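Mind looking over this structure? Questions follow.
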């Protein structure tokens, strides 16, 4: 900015000089006193000016050659340029003055100019419209133009997504200030359907694993903080209100079908439920997705075939079906003698940084199981035993068995399938329960292995071991690359839990209170007791996460 300001200042000074000096009208001799044109008068000794009577000397200063006329317009322009350049040169100084610095000049510009600036990438202009959303100070016409531009940005992956554009889409959607066709477009853009099935299967396989993911695009999401502020503005007085989305969505999917008659491969599944008296979903561009797995039965005599996946979306407004659409994906599958279901990465040196990025903070172990068994809410739950945290984004996953080692024996835990490591993502792992092992609750599993956990609790920690199982790849088509190296998390802290009754607010913070039983950490802050920061950290701080390392030994089942 400073070089440009300097150029403007110099141009202004030149214009000032040019304006003061003026334009040359002629080159005649003129009386310097009255500027009378002396052209045609013989200038000899003793000649006087006919106009003013001034003595004209032939070689002196009383005669001026040429007549110039000042140019006021050029002079004014030069002064303005000089002032502008001076302001630019001094900008680093006066821009820091609080009275000037805190002025938002964009708020005082015409709305059309600010709109043009916002849609051309000016973040401050975007901020002006964003701040006007909740107060309702954006006209419907401008709002529609902003939403149209925001939808264009959803497709432009060359630009980093600004969640304020997502907030604009959300506000316009919830407040119903958009034409119906644009609402339909927003809903259709809010979901991506991805189908997973192995492109190659072996010659004998009849039951093929399939998976259908319905997720929200990475671009288009809004800010949860803005969402809460908008909800509070629409429901004054409530601390944690639900955002009254005017629409509900039901998604129906069916297991894929193959060639021949269009017969479903199995029963259809549904995501969401339609209830005109129920608050709407997290729409549009939801914060989480849905996955549905199943099996597709294919005769062995089919050497190749197509798998058709469908997801039917039905959008309701009140008791009316407002819009519906169907997404269809077709996948080609063929039989081969030796299919390659997954790429196995087994170079420990290549995987070292990836393995170190996976951590486990603690293992939760329930106690007082006899009391826990008395409460259906506890028995029917499936609390997390541990959580794998990843800090990097890698197109590689975990596929295998988790084991525990208490120093005296080992215990097989569960099968783990993580298709892809995602940055700052937690993968919760629960003990075997009735949802993945029929007829068994998670309490049964801990009770059956109580002797193992008594030793682990006494030690205060346990080793967690991951053993890769590449043969499982045929059962999960989402997996494309896996860590084929054993991993150990050494001395992971044990956190004991006990069944307790607690107060739970129903619906919202202003709703009725219900007493519910659940599992809580044994070591909990006491109600009504004040703790200093140091005391709280010493007594209740969570243990440090344990990073993974390459494991060299082989675990045997001692159960």
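Could you identify the single residue in 374, 334 that is surrounded by fewer than 15 Cβ atoms within 10 Å (Cβ to Cβ) and assigned to a strand (DSSP E or B)?
Numbers: 374 fails: assigned to a strand (DSSP E or B).
334 is the lone residue from the list that is surrounded by fewer than 15 Cβ atoms within 10 Å (Cβ to Cβ) and assigned to a strand (DSSP E or B).
Would you mind finding the one in 230, 212 that is outside any loop (DSSP other than H, G, I, E, B) and either under 18 Å from the mean Cα position of the chain (by Cα) or within 30 Å of residue 474 (Cβ to Cβ) (or both)?
Testing whether each residue is outside any loop (DSSP other than H, G, I, E, B) and either under 18 Å from the mean Cα position of the chain (by Cα) or within 30 Å of residue 474 (Cβ to Cβ) (or both) leaves just 212.
Residue-wise test of (1) modelled with pLDDT of 90 or more; (2) under 21 Å from residue 223 (Cβ atoms); (3) surrounded by fewer than 21 Cβ atoms within 10 Å (Cβ to Cβ).
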| site | (1), (2), (3) |
| --- | --- |
| 142 | yes, yes, yes |
| 148 | yes, yes, yes |
| 158 | no, no, yes |
| 161 | yes, yes, yes |
| 165 | yes, yes, no |
| 168 | yes, yes, no |
| 172 | yes, yes, no |
| 185 | yes, no, yes |
| 196 | yes, no, yes |
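Additional query: Test of understanding: among 285, 309, which residue is in a strand (DSSP E or B) and buried (at least 18 other Cβ atoms within 10 Å of the Cβ)?
309
Among the residues of the stretch 314-350, write down those that are over 29 Å from residue 199 (Cβ atoms) and without any contact (Cβ under 8 Å) to a residue 40 or more places away in the chain.
The answer is 320, 321, 324, 349.
Tell me, yes or no, whether the stretch 355-362 has at least one residue that is under 28 Å from the mean Cα position of the chain (by Cα), at pLDDT 90 or above and surrounded by fewer than 17 Cβ atoms within 10 Å (Cβ to Cβ).
Step one: list which residues in the stretch 355-362 are under 28 Å from the mean Cα position of the chain (by Cα), which gives 355-362.
From what's left, at pLDDT 90 or above: 355-362.
Now restrict to residues that are surrounded by fewer than 17 Cβ atoms within 10 Å (Cβ to Cβ): 356.
Looking for residues that are under 28 Å from the mean Cα position of the chain (by Cα), at pLDDT 90 or above and surrounded by fewer than 17 Cβ atoms within 10 Å (Cβ to Cβ), one finds at least one in the stretch 355-362, hence yes.
Just to check your reading of the model, which residue among 353, 364 is under 30 Å from residue 495 (Cβ atoms), part of a helix (DSSP H, G or I) and touching a residue at least 12 places away in the same chain (Cβ under 8 Å)? Talk me through it step by step, then tell me what you get.
Numbers: 364 fails: part of a helix (DSSP H, G or I).
Being under 30 Å from residue 495 (Cβ atoms), part of a helix (DSSP H, G or I) and touching a residue at least 12 places away in the same chain (Cβ under 8 Å) holds for just one of 353, 364, which is 353.
Scan the stretch 52-61 and give yes if some residue there is exposed (fewer than 14 other Cβ atoms within 10 Å of the Cβ), at negative phi, out of contact with any helix residue (DSSP H, G or I) (no Cβ under 9 Å at 6 or more places or on another chain) and modelled with pLDDT of 80 or more, otherwise no.
Yes, some residue in the stretch 52-61 is exposed (fewer than 14 other Cβ atoms within 10 Å of the Cβ), at negative phi, out of contact with any helix residue (DSSP H, G or I) (no Cβ under 9 Å at 6 or more places or on another chain) and modelled with pLDDT of 80 or more.
Would you point out which residue out of 494, 465, 443 is part of a strand (DSSP E or B), in contact with a helix residue (DSSP H, G or I) (Cβ under 6 Å, 6 or more places away or on another chain), in contact (Cβ under 8 Å) with a residue 40 or more places away in the chain and more than 25 Å from residue 194 (Cβ to Cβ)? Please lay out each step first, then the result.
Values: 465 fails: in contact with a helix residue (DSSP H, G or I) (Cβ under 6 Å, 6 or more places away or on another chain); 443 fails: part of a strand (DSSP E or B).
When all the criteria are applied, what remains is 494.
Test residue 449 against the criterion of being in contact (Cβ under 8 Å) with a residue 60 or more places away in the chain, surrounded by 16 or more Cβ atoms within 10 Å (Cβ to Cβ) and assigned by TED's automatic domain parsing to the domain that holds residue 361, and give yes or no.
So residue 449 passes the test.
The values are calculated or read from the model by the stated rules, or taken from the named source; none is laboratory data. Here the structure is a predicted model, which means the values were calculated and not measured. Note that we place each Cβ from the backbone using ideal geometry, even for glycine, and neighbour counts take in every protein chain shown.
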